[in-house]
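Have a look at the structure below, then the notes.
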Amino acid sequence: MKPARAVPVLMYHHVSPHPGLVTVSPHTFEQQMARLARGGYTALTAGRFLSFLKGERTVPDKSVLITFDDGFLDNYVHAFPVLQRLGLHAVIFAVTGWIGEGDPRPHAGEAGGAGLPDCPNHKECAQAIAGGRADDVMLRWSEIARMEASGAVEIHSHTHSHLRWDQLYPDRDVRLAKVEEDLRRSRDALRARLGRADIHLCWPWGYFEPEYQLIASELGFTAQYTVAKGLNRPGDDPRHIHRIVVKDRAGSWLPSRLRIYRQPWLGGLYLKLRGQ
């Protein structure tokens, strides 16, 4: 097996039939995942990816980490059935304070996709959350349990409240105390619901201050994910994991991006030409 020199990390938010910001259509998502499956890609678990990053183990050359941010209902309704059918694995970074109670809702892999819940666009999801209707657009713990039991999806932290603390708390000491409280609540919720101490954290909007990273590390979050483009190679800082924003484009777009970010020389040249 030829070992990977770099592993791309894909960043999704929505897989929904309603176009909008940070949204990929179900048709495009299925095409993208099918290209990965046909292309012989290994969709890593978060743990295996972290071991690669720390230089503890090798992974196949054509490896990728698939991630979703926030924990929207459409991840369960439209993305999960595709991942399960194609034998792929993904990570959902869930905002634990937005996860609801209740029975699992239907998803597209059941009964021909009849009676599916509506999965609105990003703007409408934000309005629903702000209006106290998060359960209409976000995952439930029962749906998380079903996805985790399948082996196709694992859940990690995207904080408890998805806040920009720097904009809410100008006083540094207050701000850092709020960060610690929020991260603790998220980690406690995941431990209570999933029975494990989480070590993977994705920063909301990709924003963090050095003190945030220290607090997260002290709480046990070894791996910290950003929204910055870049390479992920053995020996790189696990507190600054780079990701690629996935576009609503089928065909060769995704394979071409994966080729760039799998090859350090090519990825480095590409980022340099783009001024990054």
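So how many residues does region 96-145 have that are among the aliphatic types (A, V, I, L, M) and in a helix (DSSP H, G or I)? Can you show your working first?
So in region 96-145, the residues among the aliphatic types (A, V, I, L, M) come out as 99, 108, 111, 114, 116, 126, 128-130, 134, 137-139, 144-145.
Okay, now just the ones that are also in a helix (DSSP H, G or I), so 111, 126, 128-130, 134, 144-145.
Count: 8.
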Exception for Val174 within (1) touching a Cys at 6+ places or on another chain (Cβ under 6 Å); (2) more than 20 Å from Ala90 (Cα to Cα); (3) among the β-branched types (Val, Ile, Thr) falls at (1)
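Being aliphatic (A, V, I, L, M) and not in a loop (DSSP other than H, G, I, E, B) is the filter here; which residues of region 222-252 pass it?
We begin by selecting, within region 222-252, every residue aliphatic (A, V, I, L, M); these are 223, 227-228, 231, 241, 244-246, 250.
Across region 222-252, the qualifying residues are Ala223, Ile241, Ile244, Val245.
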Per the filter on region 146-158, residues within 17 Å of the chain's Cα centre (by Cα) and either surrounded by 14 or more Cβ atoms within 10 Å (Cβ to Cβ) or assigned to a helix (DSSP H, G or I) (or both) are Met147, Glu148, Ala152, Val153, Glu154, Ile155, His156, Ser157, His158
Of the listed residues (Leu65, Leu88), the one being farther than 22 Å from Thr226 by Cα and modelled with pLDDT of 95 or more is Leu88
Gly102: passes all of (1) touching an Asp or Glu at 6+ places or on another chain (Cβ under 6 Å); (2) on the phi > 0 side of the Ramachandran plot; (3) not charged (D, E, K, R) but (1)
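Quick check on Gly100: is it closer than 30 Å to Leu163 by Cβ, touching a helix residue (DSSP H, G or I) at 6+ places or on another chain (Cβ under 6 Å) and not hydrophobic (A, V, I, L, M, F, W, C)?
Working: closer than 30 Å to Leu163 by Cβ: yes; touching a helix residue (DSSP H, G or I) at 6+ places or on another chain (Cβ under 6 Å): yes; not hydrophobic (A, V, I, L, M, F, W, C): yes.
Here the answer is yes, as Gly100 does meet what is asked.
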message: One residue is enough: does region 95-108 have a residue meeting the conditions over 17 Å from the mean Cα position of the chain (by Cα) and farther than 27 Å from Arg191 by Cβ?
response: yes
Flagged in region 38-56 as buried (at least 16 other Cβ atoms within 10 Å of the Cβ) and out of contact with any strand residue (DSSP E or B) (no Cβ under 6 Å at 6 or more places or on another chain), in numbering order, are Arg48, Ser51, Phe52, Leu53
Residue pairs within 7 Å by beta carbon, gap of at least six or interchain, first lying in region 138-149 and without any contact (Cβ under 8 Å) to a residue 12 or more places away in the chain and over 15 Å from Ala79 (Cα atoms), second part of a helix (DSSP H, G or I) and not acidic (Asp, Glu), listed first then second, are none
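The values are calculated or read from the model by the stated rules, or taken from the named source; none is laboratory data. These figures come from a predicted structure and were not determined experimentally. Note that each Cβ is placed from the backbone with ideal geometry, even for glycine, and that neighbours are counted across all protein chains shown.
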